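Participant: This is the structure I want to talk about, given as structure tokens.
The values are calculated or read from the model by the stated rules, or taken from the named source; none is laboratory data. Here the structure is a predicted model, which is why all the values come from computation and not from measurement. Virtual Cβ from ideal backbone geometry, glycine too; neighbours counted across all protein chains shown.
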Amino acid sequence: MQPSGLAVLARLGLDKPIRESGARIDRLRCVTTTGGSVFTLDYRDLAVGLHGVGLHRGVLFSTLFDAARASGMTLVTGVTIASLVNHGRGKVLVGDDGKRYGPHDLVIMAAGSRNAVADDEAPVRRPIPYPWGALWFVAKTARVEPELFQVLRGTRRMFGLLPVASDLVTVFWSVPVATHEQARATMRADIANHYPAAASLMSSDTPVLFATYTDVRMPRWDVGCVLYLGDCGHGMSPQLGQGANLALIDAYTLGEVLRTQPDLPSALAAYSRRRRLALHYYQLVTRWLTPFFQSDATFLGPLRDAMMGPLTRIPPLRWLMLQSMAGFHGREARSRLG
Ligand SMILES: Cc1cc2nc3c(=O)[nH]c(=O)nc-3n(C[C@H](O)[C@H](O)[C@H](O)COP(=O)(O)OP(=O)(O)OC[C@H]3O[C@@H](n4cnc5c(N)ncnc54)[C@H](O)[C@@H]3O)c2cc1C
């Protein structure tokens with residue numbers, strides 16, 4: 001969680017359990033395999049006391065889910081929605097077993113970047129999978145540094161450690177999607193070779209998961225009475241660690257426009273207007289930045305190692321990078337959450 005996502009959770013009164021279950025993150029630190037610094041960005045240079053929180057995604061999910069349940073709203077779970085059909089000015093949701101839910105005045109599409117819900121009126125939505133993903137696992141450790149730590153070699157080798165509790169770290173290892181199964185077989189030896197200090201974190205029976213990312217482009221997020229939120233509307237690579245935070249700000253902004261605008265069409269139009277700047281910015285920067293860390297464009301590795309450190313030391317650029325990392329880029333996030 002970035003400071004921006006934590007600010008939304010604080011407004012909902014939910015930041016305490018997240019802070020208590022997760023691990024404090026003060027900085028992002030990247031080094032090369034020879035130990036040279038590539039760059040360090042510390043939240044505290046932006047504002048005293050500012051920090052992120054590393055946590056398992058299940059903690060965020062259950063915190064939000066419990067709050068939704070406690071609010072008394074009607075929740076229907078365990079249903080896969082196959083399609084949306086028109087009903088007057090609203091929509092009916094149709095489950096994959098044919099069961100119908102609704103009609104509803106407003107449908108929030110938050111089905112993730114691989115959304116497969118059919119809707120005749122759906123806007124052009126272009127999901128583009130990234131060719132690189134990550135193998136990852138959670139390891140127990142005696143000592144946790146309050147930082148997201150990455151060890152880089154060129155653009156084809158990236159190892160990362162993210163604390164997710166006082167005694168747990170998530171370990172991730174960048175791999176091409178096409179060869180991830182082969183990479184899984186040699187992962188332990190490859191990590192030990194790349195960053196020997198991490199060898200003890202993995203044993204031969206450690207369960208390893210594989211994550212892929214998809215870039216999702218949409219010209220706008222509101223279409224009739226349907227609103228596309230989170231990864232469904234603007235999926236991106238996790239290079240900047242913003243996806244869940246942006247999804248929380250989406251939801252918060254929707255709540256605000258529904259409260260303050262006179263009717264639903266004005267509220268949805270206001271939502272798209274308010275989110276445009278920040279979402280386009282983060283999508284653009286993530287698309288631009290990801291190949292410097294995960295790609296076959298090997299010439300970008302030396303460029304990154306030579307340039308990023310000096311760039312982070314130029315005050316206005318450092319400020320921009322810190323603000324972007326904290327999730328506060330964009331007038332909307334700064335004025336309402338900062
Ligand atoms: C390796 C990795 C690391 C990441 N690290 C970070 C990070 O450090 N910080 C950060 O902010 N973000 C990070 N992200 C991104 C973050 O996980 C996503 O941005 C976030 O989960 C998006 O939330 P969402 O609710 O929009 O979509 P999702 O989390 O994908 O949730 C979509 C939900 O919709 C359900 N669903 C889908 N289709 C249907 C259907 N037809 N009917 C009913 N239900 C359906 C799915 O089961 C799922 O529960 C990372 C992502 C990856 C892959």
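Participant: Any residue at all in segment 264-280 that's touching a residue at least 40 places away in the same chain (Cβ under 8 Å), within 25 Å of T212 (Cβ to Cβ) and of a type in the set (S, T, N, Q)?
Facilitator: Scanning segment 264-280 turns up no residue that is touching a residue at least 40 places away in the same chain (Cβ under 8 Å), within 25 Å of T212 (Cβ to Cβ) and of a type in the set (S, T, N, Q).
Participant: Taking only pairs six or more apart or across chains, which ones have beta-carbon atoms under 8 Å, a first residue in segment 81-92 that is under 15 Å from I108 (Cα atoms), and a second residue that is hydroxyl-bearing (S, T, Y) and within 14 Å of the ligand (Cβ to nearest atom)?
Facilitator: I81/Y101; V92/Y101
Participant: Output the residues belonging to segment 176-225 that are within 21 Å of the chain's Cα centre (by Cα) and of a type in the set (V, I, T).
Facilitator: Correct list: V177, V208, T212, T214, V216.
Participant: If you check P146, P123, which single one turns out to be more than 12 Å from the ligand (Cβ to nearest atom), in contact with a strand residue (DSSP E or B) (Cβ under 7 Å, 6 or more places away or on another chain) and within 25 Å of V216 (Cβ to Cβ)? Spell out the reasoning first.
Facilitator: Details: P146 fails: within 25 Å of V216 (Cβ to Cβ).
Just one listed residue meets the conditions, P123.
Participant: Evaluate the following for T186: is it polar (S, T, N, Q), over 30 Å from W221 (Cα atoms), without any contact (Cβ under 8 Å) to a residue 40 or more places away in the chain and away from the ligand (no atom under 12 Å from the Cβ)? Quick ask: steps written out before the conclusion?
Facilitator: Values: polar (S, T, N, Q): yes; over 30 Å from W221 (Cα atoms): yes; without any contact (Cβ under 8 Å) to a residue 40 or more places away in the chain: yes; away from the ligand (no atom under 12 Å from the Cβ): yes.
Yes; evaluated as a whole, the condition is true for this residue.
Participant: So which of A82, A134, A67, A47 ends up being more than 14 Å from the ligand (Cβ to nearest atom) and either on the phi > 0 side of the Ramachandran plot or modelled with pLDDT of 95 or more (or both)? Even if it seems obvious, please write down each step before you answer.
Facilitator: Working: A82 fails: more than 14 Å from the ligand (Cβ to nearest atom); A134 fails: more than 14 Å from the ligand (Cβ to nearest atom); A47 fails: either on the phi > 0 side of the Ramachandran plot or modelled with pLDDT of 95 or more (or both).
Of A82, A134, A67, A47, the one residue that is more than 14 Å from the ligand (Cβ to nearest atom) and either on the phi > 0 side of the Ramachandran plot or modelled with pLDDT of 95 or more (or both) is A67.
Participant: Which pairs turn up if I take residues in segment 99-123 that are closer than 22 Å to A244 by Cα and look for partners that are of a type in the set (F, W, Y) with beta carbon separation below 7 Å, at least 6 apart in sequence or on another chain?
Facilitator: Partner pairs satisfying both residue conditions: M109/Y228.
Participant: A follow-up question, please. Looking at V151, V59, can you tell me which residue is touching a residue at least 40 places away in the same chain (Cβ under 8 Å), touching a Ser or Thr at 6+ places or on another chain (Cβ under 7 Å) and not in a strand (DSSP E or B)?
Facilitator: Numbers: V151 fails: not in a strand (DSSP E or B).
Being touching a residue at least 40 places away in the same chain (Cβ under 8 Å), touching a Ser or Thr at 6+ places or on another chain (Cβ under 7 Å) and not in a strand (DSSP E or B) holds for just one of V151, V59, which is V59.
Participant: I'm trying to understand the selection: among the residues of segment 109-145, which are farther than 30 Å from C225 by Cβ and either small (G, A, S) or loosely packed, with under 15 Cβ neighbours inside 10 Å (or both)?
Facilitator: Going residue by residue through segment 109-145, those that are farther than 30 Å from C225 by Cβ are 130-145.
Listed by number, the residues that qualify are P131, G133, A134, A139, K140, A142, R143.
Participant: Go through segment 1-15 residue by residue and tally those that are hydroxyl-bearing (S, T, Y) and over 20 Å from L46 (Cα atoms). Reasoning before the result, please.
Facilitator: Going through segment 1-15, the residues hydroxyl-bearing (S, T, Y) turn out to be 4.
Going one step further and asking which of them are over 20 Å from L46 (Cα atoms), we end up with none.
Number of matching residues: 0.
Participant: A further question follows. Mind listing whichever residues of segment 3-19 are in contact (Cβ under 8 Å) with a residue 24 or more places away in the chain and either among the charged types (D, E, K, R) or under 11 Å from L248 (Cα atoms) (or both)?
Facilitator: Selection gives S4, G5, L6, A7, V8, L9, R11, L12, R19.
Participant: Let me ask something else about it. Kindly provide the set of residues from segment 203-232 that are within 15 Å of the ligand (Cβ to nearest atom), acidic (D, E) and free of Cβ contacts under 8 Å to residues at least 60 places away in the same chain, ordered by number.
Facilitator: none
Participant: Hey, among S37, S113, which residue is of a type in the set (S, T, N, Q), under 30 Å from V171 (Cβ atoms) and more than 14 Å from the ligand (Cβ to nearest atom)?
Facilitator: Details: S113 fails: more than 14 Å from the ligand (Cβ to nearest atom).
S37 is the lone residue from the list that is of a type in the set (S, T, N, Q), under 30 Å from V171 (Cβ atoms) and more than 14 Å from the ligand (Cβ to nearest atom).
Participant: Which residues, counting only those in segment 171-207, are outside any helix (DSSP H, G or I) and loosely packed, with under 15 Cβ neighbours inside 10 Å? Let's see the steps before the verdict.
Facilitator: Within segment 171-207, the first condition is being outside any helix (DSSP H, G or I), and the residues that meet it are 171-176, 195, 202-207.
S203, S204, D205, T206, P207 - these are the residues of segment 171-207 that are outside any helix (DSSP H, G or I) and loosely packed, with under 15 Cβ neighbours inside 10 Å.
Participant: Mind checking which residues of segment 27-46 are in contact (Cβ under 8 Å) with a residue 40 or more places away in the chain, over 18 Å from the mean Cα position of the chain (by Cα) and not in a strand (DSSP E or B)?
Facilitator: Hits for segment 27-46 are T33, G36, D45, L46.
Participant: Could you check segment 83-108 and list, in sequence order, the residues that are among the small types (G, A, S) and either under 25 Å from the mean Cα position of the chain (by Cα) or loosely packed, with under 11 Cβ neighbours inside 10 Å (or both)?
Facilitator: In the first step, residues of segment 83-108 are kept if they are among the small types (G, A, S); the result is 83, 88, 90, 95, 98, 102.
Listed by number, the residues that qualify are G88, G98.
Participant: Another question, then. Test each condition in (1) of a type in the set (A, V, I, L, M, F, W, C); (2) in contact with a Gly (Cβ under 7 Å, 6 or more places away or on another chain); (3) over 16 Å from Q2 (Cβ atoms) for A247 and report the one that comes out false.
Facilitator: For A247, the exception is condition (3).
Participant: Evaluate segment 240-250: report whether one residue or more is modelled with pLDDT of 95 or more, surrounded by 18 or more Cβ atoms within 10 Å (Cβ to Cβ) and in a loop (DSSP other than H, G, I, E, B).
Facilitator: Checked against the condition, which is being modelled with pLDDT of 95 or more, surrounded by 18 or more Cβ atoms within 10 Å (Cβ to Cβ) and in a loop (DSSP other than H, G, I, E, B), segment 240-250 yields at least one hit.
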